[in-house]
Amino acid sequence: MLLCTLICIFVYSYHMAFKSFIAKPLAHFVAKSVIKTAQNATIDQQNLLLRLCQKARNTRFGQYHHFSSIHNHSDFAKAVPIRDYEQFKPYIEDAKQGLKDILWPGIPLYFAKTSGTTSGAKYIPITTESMPHHITAARNALFCYIARSNNHRFVDGNMIFLSGSPELEKTGTILTGRLSGIVNHHVPQYLRQNQLPTYNTNCIDDWETKLDAIVEETVHRDMRLISGIPPWMQMYFDRLNEKSGKKVGELFPNLSLIVHGGVNIEPYKAKLIESIGRPVDMIETFPASEGFIAYQDSREQEGLLLNTHAGLFFEFVPADEIFNEKPTRLALHEVKTGVNYALIISSNAGLWAYNIGDTIRFVSTEPYRIVVSGRIKHFISAFGEHVIGEEVEHALLSIANKYHIAITEFTVAPMIGDSEGMSYHEWFVEFETLPSHLSDFAMQVDEALRSKNIYYEDLRKGSILAPLRIRPLRKNAFINYMKSKGKLGGQNKVARLSNDRTIAEELKYYTE
């Protein structure tokens, strides 16, 4: 889905390559517009909700939920319950059959097909109204970067997008595929000369075969921008190094920008930079099939700017209430910094009070900037500890960075003790270099997690949980695990946290 983050580059790079002098003033113009929009975020959100309900009032969903009687957020919250995909699925199934006016006027333009959980694949609607916002948000992210960095040279060279296949299938009469593949079809033909990999290579299903083909196509090119999910970017860098014996930065002397999203880059950052051999600028984005949620508008300020003027109405539920029968539902003007919220959206793609499964935390309300703190279903609370992704990443990385130890990947699962032993958290970690004293390293990670999560601290202090244990994995363990599941490459990623031992039991076969 990161291809949608960058598709706008092509539209402007065609002009910039020949008239690069317009890049900076154009970027400054867009950046000023972004600042102005951010200042009106709460008003825009209030008005947007009413426009969405007005537009969809005659749909089946709108009639059933009395959209004509909704005049404010309070009315909306009373009329429309929060739903996840399973609860939303009956409406999606009718839309898949080609029935009109189910969730949004007419039928969807596309379905973005994503990996599901209990339901298998999920089909997220994309409409004529929602599609342009994926492009506009991406444009804003890149132009904000240019305006603040004065770096526009990357648009004159090649750019690579490590994404899913652009081949689309049909669900009834509606074209269906990965979001990155859908957006690929919105690249003007005359701009494809800047895009790598080529269309045919991008259509290769097997990730490793595709990666080898990408390396062949790019190893001798003037690559200036690279985009993708961090673990798959690292695989690309490793293959480049194996083929050439050179650092990525030496192969691509003009490489100046990395665009990333999908997972937190911090566990991968040190190794990515080491593979490049020199610092490069990085931009973080938060694109999703449901909409382009946020993007990094400043390299000086923490967090991503919430995309409040792009067909998405946001609600925020305190994360510890999300499974309550009647959780608190906050509009944008009611949020506070430092609180973990489940992110709920309603959109011009026909999603209504839809729980996308992510948790976020505001780091600023002037403007509204967020960090992604985890996934609703990716947490550990087998013993009442309520540990989230942000906390385990901080605990591990704070100690790893202290000792300059690179982490390739990791995941955490609960281990329930038998009658002879206490329960604990089991961490499966693939190290670049194994710590010289693993037990001491694990104890320090445990202490870092205790300082980050009060519930975990209480369980440790009360001797209900034993100290966490780290089980080191062989090199390429996670790559081989994902390959065994048929999920190598693209937008697939390993869950950092599980409430059961499904992943843990399979990873035991990859231990040192």
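Could you say whether any residue in the stretch 80-103 is closer than 21 Å to His309 by Cβ, in contact (Cβ under 8 Å) with a residue 24 or more places away in the chain and touching a helix residue (DSSP H, G or I) at 6+ places or on another chain (Cβ under 9 Å)? Quick ask: steps written out before the conclusion?
At the first step, the residues of the stretch 80-103 found to be closer than 21 Å to His309 by Cβ are none.
No; the residues of the stretch 80-103 include none that is closer than 21 Å to His309 by Cβ, in contact (Cβ under 8 Å) with a residue 24 or more places away in the chain and touching a helix residue (DSSP H, G or I) at 6+ places or on another chain (Cβ under 9 Å).
Considering only the stretch 496-512, state which residues are out of contact with any Gly (no Cβ under 7 Å at 6 or more places or on another chain) and not acidic (Asp, Glu).
At the first step, the residues of the stretch 496-512 found to be out of contact with any Gly (no Cβ under 7 Å at 6 or more places or on another chain) are 498-512.
If the condition is that a residue be out of contact with any Gly (no Cβ under 7 Å at 6 or more places or on another chain) and not acidic (Asp, Glu), then Ser498, Asn499, Arg501, Thr502, Ile503, Ala504, Leu507, Lys508, Tyr509, Tyr510, Thr511 are the ones that fit.
Pairs under 8 Å by beta carbon, first residue in contact (Cβ under 8 Å) with a residue 40 or more places away in the chain and more than 17 Å from Asp84 (Cβ to Cβ) in the stretch 306-320, partner in a strand (DSSP E or B) and of a type in the set (Lys, Arg), six or more apart or different chains?
Leu306/Arg369
Of everything in the stretch 339-380, what is open to solvent by less than 20 Å² (accessible area, probe 1.4 Å) and outside any strand (DSSP E or B)? Give them in sequence order.
Result: Asn348, Ala349, Gly350, Leu351, Trp352, Ala353, Ile376.
Just give me the residues in the stretch 161-198 being of a type in the set (S, T, N, Q), touching a Leu at 6+ places or on another chain (Cβ under 7 Å) and at pLDDT below 85, in sequence order. Quick ask: steps written out before the conclusion?
Filtering the stretch 161-198 down to residues of a type in the set (S, T, N, Q) leaves 163, 165, 171, 173, 176, 180, 184, 189, 193-195, 198.
With touching a Leu at 6+ places or on another chain (Cβ under 7 Å) added as a condition, the list becomes 163, 176, 180, 184.
Result: Ser163, Ser180, Asn184.
Looking at the stretch 116-160 only, could you name the residues that are at pLDDT 85 or above, open to solvent by 30 Å² or more (accessible area, probe 1.4 Å) and either in contact with a His (Cβ under 8 Å, 6 or more places away or on another chain) or β-branched (Val, Ile, Thr) (or both)?
Thr128, Thr136
Do you know which residues across the stretch 274-291 are surrounded by 16 or more Cβ atoms within 10 Å (Cβ to Cβ) and either part of a helix (DSSP H, G or I) or touching a Cys at 6+ places or on another chain (Cβ under 8 Å) (or both)?
Ser275, Ile276, Pro287
Taking the stated definitions as given, is Ala294 crowded, with 21+ Cβ neighbours inside 10 Å, assigned to a strand (DSSP E or B) and of a type in the set (Gly, Ala, Ser)?
So Ala294 fits the description; yes.
Mind checking whether some residue in the stretch 412-425 is touching a helix residue (DSSP H, G or I) at 6+ places or on another chain (Cβ under 7 Å) and open to solvent by 10 Å² or more (accessible area, probe 1.4 Å)?
As a first pass, look at the stretch 412-425 and keep what is touching a helix residue (DSSP H, G or I) at 6+ places or on another chain (Cβ under 7 Å): 412-413.
Filter once more, so that each one left must be open to solvent by 10 Å² or more (accessible area, probe 1.4 Å): none.
Scanning the stretch 412-425, I find no residue that is touching a helix residue (DSSP H, G or I) at 6+ places or on another chain (Cβ under 7 Å) and open to solvent by 10 Å² or more (accessible area, probe 1.4 Å), so the answer is no.
Which of the residues spanning the stretch 309-326 are open to solvent by 20 Å² or more (accessible area, probe 1.4 Å) and either on the phi > 0 side of the Ramachandran plot or small (Gly, Ala, Ser) (or both)?
Within the stretch 309-326, Ala319 is the sole residue that qualifies.
Starting from the stretch 429-449, keep only residues that are on the phi < 0 side of the Ramachandran plot and in contact (Cβ under 8 Å) with a residue 24 or more places away in the chain, then list their pairs with residues that are among the hydroxyl-bearing types (Ser, Thr, Tyr) and assigned to a strand (DSSP E or B) whose Cβ atoms are within a distance under 8 Å, requiring at least 6 positions of separation or different chains.
Taking only residues 6 or more apart or on different chains, the pairs are Glu430/Thr408; Phe431/Thr408; Glu432/Thr408.
In the stretch 148-189, what count of residues is obtained for those that are without any contact (Cβ under 8 Å) to a residue 24 or more places away in the chain and touching a Lys or Arg at 6+ places or on another chain (Cβ under 6 Å)?
0
Just name the residue that is nearest to Ile107 (Cα to Cα) out of those in the stretch 161-170 that are touching a helix residue (DSSP H, G or I) at 6+ places or on another chain (Cβ under 9 Å) and surrounded by fewer than 20 Cβ atoms within 10 Å (Cβ to Cβ).
The first filter runs over the stretch 161-170 and keeps only residues touching a helix residue (DSSP H, G or I) at 6+ places or on another chain (Cβ under 9 Å), leaving 161-168.
Now narrow it down to the ones that are surrounded by fewer than 20 Cβ atoms within 10 Å (Cβ to Cβ): 165-168.
Working: Ser165: 24, Pro166: 21, Glu167: 21, Leu168: 17 Å.
Going through the qualifying residues, I end up with Leu168.
Being more than 24 Å from Gly261 (Cβ to Cβ), at pLDDT 80 or above and not aromatic (Phe, Trp, Tyr) is the filter here; which residues of the stretch 478-512 pass it? Even if it seems obvious, please write down each step before you answer.
As a first pass, look at the stretch 478-512 and keep what is more than 24 Å from Gly261 (Cβ to Cβ): 480, 484, 499-502, 504-512.
After this cut, where a residue has to be at pLDDT 80 or above as well, the list is 480, 484, 499-502, 504-511.
Matches in the stretch 478-512: Asn480, Ser484, Asn499, Asp500, Arg501, Thr502, Ala504, Glu505, Glu506, Leu507, Lys508, Thr511.
Right, Ala38: at pLDDT below 90, out of contact with any Ser or Thr (no Cβ under 7 Å at 6 or more places or on another chain) and either part of a helix (DSSP H, G or I) or charged (D, E, K, R) (or both) or not? Reasoning before the result, please.
Working: at pLDDT below 90: no; out of contact with any Ser or Thr (no Cβ under 7 Å at 6 or more places or on another chain): yes; either part of a helix (DSSP H, G or I) or charged (D, E, K, R) (or both): yes.
Against the criterion (at pLDDT below 90, out of contact with any Ser or Thr (no Cβ under 7 Å at 6 or more places or on another chain) and either part of a helix (DSSP H, G or I) or charged (D, E, K, R) (or both)), Ala38 does not qualify.
Can you pull out the helices (runs of 4 or more DSSP H) entirely within the stretch 191-273 that have at least 1 residues that are of a type outside the set (Val, Ile, Thr), open to solvent by 60 Å² or more (accessible area, probe 1.4 Å) and under 26 Å from Ser149 (Cα atoms)? Steps first, please.
Working: elements: 199-202, 207-218, 230-244, 248-251.
Passing ranges, in order: 248-251.
Can you pull out the residues in the stretch 327-346 that are more than 19 Å from Asn453 (Cβ to Cβ) and touching a Pro at 6+ places or on another chain (Cβ under 9 Å)?
Within the stretch 327-346, Pro327, Thr328, Leu330 meet the criteria.
For Glu385, work out the one condition from (1) modelled with pLDDT under 95; (2) closer than 20 Å to Ile464 by Cα; (3) part of a strand (DSSP E or B) it doesn't fulfil.
(3)
Suppose we filter the stretch 309-338 for residues that are in contact with a strand residue (DSSP E or B) (Cβ under 7 Å, 6 or more places away or on another chain), assigned to a loop (DSSP other than H, G, I, E, B) and under 13 Å from Thr42 (Cβ atoms); how many remain?
Adding up the residues that qualify gives 2.
The values are calculated or read from the model by the stated rules, or taken from the named source; none is laboratory data. On a predicted model such as this, the values are computed, not experimentally measured, just so you know. Quick reminder, even Gly has a Cβ in these numbers, built from the backbone with ideal geometry, and neighbours come from all protein chains shown. Accessible surface areas use protein heavy atoms only, side chains included; no ligands, DNA or RNA. Shrake-Rupley method; radii C 1.70, N 1.55, O 1.52, S 1.80 Å.
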